[in-house]
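The values are calculated or read from the model by the stated rules, or taken from the named source; none is laboratory data. A quick note: this is a predicted structure, and the numbers were derived from the prediction, not measured. Cβ sites come from the backbone with ideal geometry, for glycine too, and all protein chains shown count toward neighbours.
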Amino acid sequence: MTGTDPVLRALAHPLRLRMLNLMWPGPMSAAELARELDISHALSSQHLRRLAAAGLVELAEERARRGGRERRYRTIRGTPLSDQHEGTALLAEAMARTLADRAARRTPDTEGVTVDAELWVDPQTWNTARLRLAELAADLHTAAQPPHATGTIPIAVTMLAFPVQPPTAHTDTR
């Protein structure tokens, strides 16, 4: 992983992906993240440092709390994950682990959407679909509330859509 982009390296851990999602609606401290994720404060702080070093989170506020200082961080919006070409496999692996964790927590007897597709479409159809998917993701992120906010439910969305090279006769499809 020595040549891998630092952003992708930071995202290679499913816990850090969850932290970014939790901080999307508003700032959270290492202690708040630790409680929400059921991990130690030290581990939460360590992951926050990795995210900050990669430029994925920033210090939003610092306030007095119980005789000390509490630092609250927020996700930096507009992080261009969609523009990452090198390391796509690494990002997909982290997202797959996150998806498996989320699927195990799916609320029984609820409706969802499941899609797995490798299709051939014209470039205009692809571009239109790509823009609609990006708009849908933006709408959900705009509507995101802090964890456990009154009147909200937790949802999970995992999306990675991109053009692929045609398979060869020897492509392994395990």
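All conditions in (1) out of contact with any His (no Cβ under 6 Å at 6 or more places or on another chain); (2) more than 18 Å from P14 (Cβ to Cβ) hold for R105, with the sole exception of (2).
Is it the case, given these coordinates, that V113 is exposed (fewer than 10 other Cβ atoms within 10 Å of the Cβ) and over 15 Å from the mean Cα position of the chain (by Cα)? In short, yes. Read through the list (1) small (G, A, S); (2) within 28 Å of R9 (Cα to Cα); (3) modelled with pLDDT under 90; (4) in contact with a strand residue (DSSP E or B) (Cβ under 8 Å, 6 or more places away or on another chain), then give the number of the only condition that A94 fails. Only one criterion in (1) small (G, A, S); (2) within 28 Å of R9 (Cα to Cα); (3) modelled with pLDDT under 90; (4) in contact with a strand residue (DSSP E or B) (Cβ under 8 Å, 6 or more places away or on another chain) is unmet by A94, namely (4). In the set (1) at pLDDT 90 or above; (2) surrounded by 10 or more Cβ atoms within 10 Å (Cβ to Cβ); (3) of a type outside the set (D, E), the condition left unmet by Q124 is number (2). Only one entry in T75, T79 is modelled with pLDDT of 85 or more and among the hydroxyl-bearing types (S, T, Y), namely T75.
Pairs linking a residue in the range 110-137 that is more than 12 Å from M159 (Cα to Cα) to a residue that is of a type outside the set (F, W, Y) and part of a loop (DSSP other than H, G, I, E, B), with Cβ atoms under 7 Å and 6 or more positions apart or on different chains, are E118/V164; W126/P163. In the range 54-79, what residues are over 25 Å from the mean Cα position of the chain (by Cα), basic (K, R) and assigned to a strand (DSSP E or B)? Those that are over 25 Å from the mean Cα position of the chain (by Cα), basic (K, R) and assigned to a strand (DSSP E or B): R63, R65, R69.
Which of (1) farther than 30 Å from R74 by Cβ; (2) touching a helix residue (DSSP H, G or I) at 6+ places or on another chain (Cβ under 9 Å); (3) surrounded by 10 or more Cβ atoms within 10 Å (Cβ to Cβ) does P167 not meet, given it meets every other one? Exception for P167: condition (2).
From the list A103, A134, A117, A92, the one residue that fits, being touching a Leu at 6+ places or on another chain (Cβ under 7 Å) and more than 19 Å from M23 (Cβ to Cβ), is A92. Of all residue pairs spaced 6 or more apart or on separate chains, those with beta-carbon atoms under 7 Å, a first member in the range 9-22 that is of a type in the set (G, A, S) and a second member that is assigned to a helix (DSSP H, G or I) are A10/R16; A10/R50; A10/L51; A12/L90; A12/A94.
Scanning the range 141-151 for residues being under 20 Å from A104 (Cα atoms) and either touching a Lys or Arg at 6+ places or on another chain (Cβ under 7 Å) or surrounded by 10 or more Cβ atoms within 10 Å (Cβ to Cβ) (or both) gives a total of 1.
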